[in-house]
1. Given H placed 1.01 Å from N in the peptide plane, which residues other than close sequence neighbours of ASP37 have an amide H under 5 Å from its amide H?
2. Please list ILE15, ILE83, ILE56 from largest to smallest accessible area, probe radius 1.4 Å, with all protein chains kept in place.
3. In percent, what relative contact order does the chain have, based on Cα pairs under 8 Å that are 6 or more apart in sequence?
4. Excluding ligands, DNA and RNA, what is the solvent-accessible area per residue of the stretch 1-143 at a probe of 1.4 Å, expressed in Å²?
5. Distances over 16 Å make up what percent of all Cα-Cα pairs in the stretch 157-222?
6. Bins of 10 Å, beginning at zero and ending with the bin holding the largest distance: percent of Cα pairs per bin for the stretch 1-120, please.
7. Sort all Cα-Cα distances of the stretch 109-203 into consecutive 5 angstrom bins from zero, then give the percent of pairs in each bin up to the one containing the longest distance.
8. Starting at the first residue of the stretch 215-227, write each ³J(HN,Hα) from the Karplus equation 6.51 cos²θ - 1.76 cosθ + 1.60 with θ = phi - 60°, in whole Hz, x for Gly and Pro.
Amino acid sequence: NTSLMYKLYENEFTIGNISESTELSLYGRGAKVMFADEKKQKKLTFGAIDQNFNLIGPEPWFSNYYSFYLQGELGANNYKKGIKGSYIYQRNPYEKADYHIGSLQWRTYFGKDWSIDIKTPGALTHIESTQEEKPTGASELNYRGQLSRSLNLNGSAYYSSTYFPGNRRGTLSFSQGIGKKLGKGIYASGSFSYNKIKPKYYTYSSQYQSENRYGNAGLSLPDIGRLSPSLSYGYQSESSNSY
């Protein structure tokens with residue numbers, strides 16, 4: 001897990017073990033280059049990763065399981081507004097498929113108190129055994145805001161088709177949280193989330209599926225000396241065909 005980085009002003013050149021957080025797991029030996037402006041608001045990154053961590057292993061680089069990627073970002077350090085686009089090509093020998101994944105992410109503030117973050121990845125999979133091209137997709141939403149000075153809301157939702165080749169294949173999930181200040185030192189909060197996973201694969205049959213629900217409610221009370229009392233209730237429900 002070793003890498004060497006050379007920096008020239010705001011630009012970076014890295015070789016060795018690379019790890020990127022994207023729709024697909026990108027990690028292993030490789031190289032990447034990142035160009036940025038003086039304020040690091042505009043970034044362009046491209047790289048190549050052989051999905052093998054062993055830098056001195058006998059296997060030839062980029063001979064079996066590898067990825068190429070390109071990312072561009074505007075407003076990288078602006079938490080109020082920004083846009084990010086990416087493209088990934090991956091050769092996956094375990095599924096015997098080639099993946100092409102494009103993604104566009106947009107975040108912005110509207111009004112004084114509301115923020116929204118939307119992400120829309122799409123994929124085209126080339127299946128080696130049948131020589132077919134299969135399109136799939138996903139979408140993600142996150143938001144946060146205030147209905148009043150004392151009432152806060154936040155939530156998220158995610159959906160991906162069953163054959164989508166990302167890390168969250170065949171997933172449906174959403175969550176909602178709420179918090180309200182009731183008085184001096186008294187704060188009430190609650191949240192609920194639902195998650196269902198049922199992935200499918202082109203090269204082998206998978207029967208795995210799971211479904212869970214979580215909920216909680218809490219009440220924080222005024223301090224009593226050095227004590228901070230609170231009341232809470234939690235709910236959890238899980239089901240899966242593996243347990």
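The values are calculated or read from the model by the stated rules, or taken from the named source; none is laboratory data. Only a predicted model underlies this, so the values are computations on that prediction, with no experimental measurement involved. Backbone-built Cβ (ideal geometry, glycine too); neighbour counts: all protein chains shown. With ligands, DNA and RNA removed, areas are computed over all heavy atoms of the protein, side chains included. Shrake-Rupley method; radii C 1.70, N 1.55, O 1.52, S 1.80 Å.
1. Under 5 Å from the amide H of ASP37: LYS42.
2. Details: ILE15 95, ILE83 65, ILE56 160 Å².
In descending accessible area the options line up as ILE56, ILE15, ILE83.
3. Values: 622 pairs, mean separation 21.6, N = 243.
The value is 9 percent.
4. Working: 8340 Å² over 143 residues.
Each residue of the stretch 1-143 exposes 58 Å² on average to a 1.4 Å probe.
5. On the way: 1265 of 2145 pairs.
That fraction is 59 percent.
6. Here the calculated profile for the stretch 1-120 is 13, 37, 32, 15, 4, 0.
7. The calculated distribution, bin by bin, is 3, 12, 17, 15, 14, 11, 9, 7, 5, 4, 2, 1, 1, 0.
8. Coupling constants for the stretch 215-227: x, 8, 9, x, 9, 9, 10, x, 5, 10, x, 9, 9 Hz.
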